[in-house]
Amino acid sequence: MNKNQQRFINYMSRFVTYTWYMLGNLPSVVFWGVKIKKINIDACQTTIPYNWRTKNPFKSIYFATLCGGAELASGSLCLLHLTGSEKFSMLVVDLNAQFVKKADAEITMKCEDGHLIQQTLSGLAQPGDTSTLKTTIIGHNPNNEIVAKFEVTWSFKRK
């Protein structure tokens, strides 16, 4: 891990800097109260609270909030791997979701694809090279029951 990546982890782990970053880039995440619980070079975990801002009329977490928490888990991990490296662009090109159980409590989203992200980015040697990567994110409730499974496909292009 390079110094810039460690700085990124510290930045995203502090409430004030995380909140300002998200207000400028993903304000809905701030409204919903989604937080990064843990981030390192291998994995990222986000938490989604169960409250009036995230709840739908059916007394479960709104699916868009779950998707946002999943995207944040994989996207933050991608950004961590891009930090301190050459210039890249990244974009979500596909999203698949499977909702397994009612999300009626705080949900933790886990993406553990850091090694796959590193492999994908290391394969982009020349400017203009592109690649896609499907990341997997699993959402658990406090009882460690799977609530949702997401596959977010990212497209990377070396600039």
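The values are calculated or read from the model by the stated rules, or taken from the named source; none is laboratory data. In this text the structure is predicted, and so the values were computed from the model without any measurement. All Cβ positions, glycine included, derive from the backbone under ideal geometry; neighbour counts span all protein chains shown. Protein only, heavy atoms only, side chains kept; ligands, DNA and RNA dropped before computing areas. Shrake-Rupley method; radii C 1.70, N 1.55, O 1.52, S 1.80 Å.
Quick notes
- Checking each residue of region 73-94 against the condition of being assigned to a strand (DSSP E or B), touching an Asp or Glu at 6+ places or on another chain (Cβ under 8 Å) and either open to solvent by 50 Å² or more (accessible area, probe 1.4 Å) or over 12 Å from Gly139 (Cβ atoms) (or both) gives at least one match.
- Restricting region 19-53 to residues that are hydrophobic (A, V, I, L, M, F, W, C) and open to solvent by 70 Å² or more (accessible area, probe 1.4 Å) leaves a set whose member that is nearest to Gln5 (Cα to Cα) is Trp20.
- Search result, residues across region 95-115 that are under 17 Å from the mean Cα position of the chain (by Cα), assigned to a strand (DSSP E or B) and of a type outside the set (Ser, Thr, Tyr): Leu95, Asn96, Ala97, Gln98, Ile107, Met109, Lys110, Cys111
- Residues in region 40-66 that are hydrophobic (A, V, I, L, M, F, W, C), free of Cβ contacts under 8 Å to residues at least 60 places away in the same chain and not in a loop (DSSP other than H, G, I, E, B): Ile61, Phe63, Ala64.
- Residue within region 116-128 that is within 21 Å of Val29 (Cα to Cα) and either open to solvent by less than 40 Å² (accessible area, probe 1.4 Å) or in a loop (DSSP other than H, G, I, E, B) (or both) present: no
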